[in-house]
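Q: Structure below; questions to follow.
The values are calculated or read from the model by the stated rules, or taken from the named source; none is laboratory data. For clarity, every value in this text was computed on a predicted model and none was experimentally measured. Don't worry about glycine lacking a Cβ; one is built from the backbone with ideal geometry, like all the others, and counts go over all protein chains shown. Heavy atoms of the whole protein, side chains included, go into the accessibility calculation; ligands, DNA and RNA do not. Shrake-Rupley method; radii C 1.70, N 1.55, O 1.52, S 1.80 Å.
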Amino acid sequence: MKAIAGILAFAFAASVFAQGWPSKPVRIIVAYPPGGGIDVMARQIAAKLTSEWGQPVVVENRPGANTIVATDAVAKSAADGHTLLFTTDATFSINPHLYSKLPFDTQRDFIPLTMLVLLQQLLVAHPSLQADTLLQLIALAKSNPGKINYASYGSGSQPHLSGEMLKHKAGIDLVHVPYKGISLAVPAVVAGEVQLTFAGIATSMGPLKSGRIKAIAIGGTKRSPIWPDVPTFAELGYPEVETHAWFGLFLPAGSPRQAVARIHQDAKKILEEPGFRQTQLIDKGYEVVGSSPEEFSAYIVKDRESRGRAVKISGAKAE
C-alpha cells in the first residue's frame, strides 16, 4: 500500500508540475552576441514558446570567453526549468580539450535537451583578396607568410580550429584574429579588417549575395544545395578541415524531468512547422535535427572525441 501511495503521490506531483510549469518567465541564455544566426534562431523560438507556454520567454545574450560566460551563468542558476542555455558545439565538444580547468563540468552540470540544427561553415574572403579558390589562397599564403589573417568568434571556436587545421595541413601561416561572435567576424571581413573567416550559410548569405564577400570552400562531405558551385574541402584534398557546427538547448543538471520532456517536445514541434522549417532553417542552410535528450547526449560524447583529435592535430590552444 505504501508503494502504491508513493506512486500516486508522484503522479499527482508530476501532474501539478506539468500544469504549473512554467510558473514564471523563462530565460534562454545565448552564448553569443546579438545578430548572428544562433541569436536570430533563439529569438524566433522564444517568440513561439511564449505563445505556447503563456509565459514570457526572454533571450539574454552573454557572450565572452568562448561561451564560458554564458555556460557558467546557467550552470549556477536554479535547476527549476526556467533557465536554458542555447549554445554551440564549442561549449561541450571543444572547450573541454582547450581549457585545463573550467568553472563547471560539461558532463555533470547540464542536461542536453535537443540538438536543433547542424550546419556546415564556408570559408569566405574579402573580394580584394587575390585568390578565388583554395589552391590560389594556399599559394598566396605561402608567398606571403603571416600577412593573411582570418577571424573567428573566439579562441578555440570552430572557425579557429578550422583555420589552424588548414594551416597545419596546407603548410601555411595565417594570423588568427578572435572576435566575440560571428556577427562581428563576418562584418570584419566585409569591412576589410581581416581577409578571411569561417561562417555558416545563414550568416554569410546576405554579404555573399551582394558580393561583399566571396566563398572559397565549404565543409562537409557534399556541396550545399544553396551554393552548389562552392567545392568542399574534402574534394579539394583537405578532408581534415572539418567545419561542422551545431546549435543545441540545455538545462542545468537536476532540472525537473517534466520540464526536460516539455521543452524538447515543444522545441521539436517548432522545428516541424512546415513554414518555419523551410524558410527559416532549410533555406538558410541548416540541417534540421530535433534529436531527443538521449540521442543528443550520445552525439555529444562522440563529437567530443572527434574534436579532441582535431584540437590535438591542429595544435590549437585557448588564448
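Q: Mind pulling up the Rg/Rh value for the range 220-319? Radius of gyration and Kirkwood radius, both on Cα.
A: 1.03
Q: In whole Hz and in residue order, list the ³J(HN,Hα) couplings for the range 292-306 that follow from phi through the Karplus curve 6.51 cos²θ - 1.76 cosθ + 1.60, θ = phi - 60°; x for Gly and Pro.
A: 6, x, 5, 5, 5, 4, 5, 5, 4, 4, 5, 5, 4, 5, 5
Q: Another question, if that's okay. Can you tell me the accessible area per residue over the range 194-319, all protein chains present, probe 1.4 angstrom, in square angstrom?
A: Value returned for the range 194-319: 46 Å² of accessible area per residue.
Q: So, one more: I need the peptides 240-249, 169-178 ranked by packing, meaning the mean over residues of other C-beta atoms within 10 angstrom, with the highest value on top.
A: Per-residue mean Cβ counts within 10 Å order the peptides as 240-249, 169-178.
Q: Another question about this same structure. Output ³J(HN,Hα) for the range 167-176: one whole-Hz value per residue in order, computed from phi by the Karplus curve 6.51 cos²θ - 1.76 cosθ + 1.60 with θ = phi - 60°, and x for Gly and Pro.
A: Using θ = phi - 60°, the values come out as 4, 5, 6, 8, x, 10, 10, 10, 9, 7 Hz.
Q: Just to verify a number: FRET efficiency for Ala261 and Val40, C-beta to C-beta distance, R0 = 22 Å, to 0.05? Intermediate results must be reported in sequence, preceding the final value.
A: Numbers: r = 26 Å, r/R0 = 1.20.
That pair, Ala261 with Val40, gives E of 0.25.
Q: Could you give the length gained on full extension between Ser155 and Ala78, defined as 0.36 nm per residue of separation minus the Cα-Cα distance, in nm? Kindly include the intermediate steps, with their values, before the conclusion.
A: Details: separation 77, 0.36 × 77 = 27.72 nm, distance 2.91 nm.
So the extension gain works out to 24.8 nm.
Q: Distance cut-off 21 Å, Cα to Cα: go down the list Lys48/Lys268; Lys147/Lys214; Lys284/Lys312; Lys169/Lys302 and report the pairs above it.
A: Cα-Cα > 21 Å for Lys284/Lys312; Lys169/Lys302; rest within.
Q: Hey, another quick one. Just to check, using Stokes-Einstein with a Kirkwood Rh over alpha carbon pairs, what's the diffusion coefficient of the chain at 37 °C and 0.692 mPa s in µm²/s?
A: 161 µm²/s
Q: For Val69 paired with Ser306, estimate the spin-label separation in nm (one decimal), with each label point 7 Å from Cα along the Cα-to-Cβ line.
A: About 3.0 nm, to one decimal.
Q: Where does each of 73-82, 109-118 land if you order them by average Cβ count within 10 Å, highest first? Please report the intermediate quantities before stating the final value.
A: Working: 73-82: 17.8, 109-118: 22.4.
Averaged packing, sorted descending, gives the order 109-118, 73-82.
Q: Continuing with this model, one more query. I'd like the projected area of the range 25-171, averaged over all directions, using the convex hull of its alpha carbons. Report it in nm² with one decimal.
A: For the range 25-171, averaging the hull's shadow over all directions gives 10.6 nm².
Q: Separation between the Asp229 and Tyr99 pseudo-spin-labels, each 7 Å from Cα along Cα→Cβ, expressed in nm?
A: With each label placed 7 Å out from Cα toward Cβ, I get 4.2 nm.
Q: Return the distance in nm (one decimal) between the two label points of a simple spin-label model at Ile313 and Ser23, each offset 7 Å from Cα along Cα→Cβ.
A: If labels sit at Ile313 and Ser23, their model points lie 5.0 nm apart.
Q: Another one. Give the residues of the range 142-156 whose amide nitrogen is closer than 17 Å to a point set 7 Å from the Cα of Asp173 in the direction of its Cβ.
A: Within reach of a label on Asp173, which here means backbone N under 17 Å from a point 7 Å along Cα→Cβ, the range 142-156 contributes 142-150.
Q: So which trypsin sites (Lys or Arg not before Pro) in the range 182-279 pass both tests, a DSSP loop state and at most 11 other Cβ atoms within 10 Å of the Cβ?
A: Lys222
Q: Share of the range 146-186's accessible area from carbon and sulfur, percent, 1.4 Å? List each step's numbers first, then the result.
A: Numbers: 640 of 1220 Å².
Looking at the range 146-186 in its full context, I get 52 percent from C and S.
Q: One-quarter of the Cα convex hull surface for the range 99-206, in nm²?
A: 8.4 nm²
Q: What's the center-to-center distance, using Cα atoms, between the range 213-291 and the range 20-97 in Å?
A: Between the Cα centre of the range 213-291 and that of the range 20-97, the gap is 17 Å.
Q: I would also like to ask the following. Roughly speaking, what is the stretch gain from Trp53 to Thr221, that is 0.36 nm per residue apart minus the C-alpha to C-alpha distance, in nm to one decimal?
A: That pair, Trp53 and Thr221, stretches by 56.6 nm at full extension.
Q: With no solvent and one equal point scatterer per Cα, compute the Debye intensity ratio I(q)/I(0) for the range 265-309 at 0.25, 0.30 Å⁻¹ and report its log10, rounded to two decimals.
A: -0.86, -0.97
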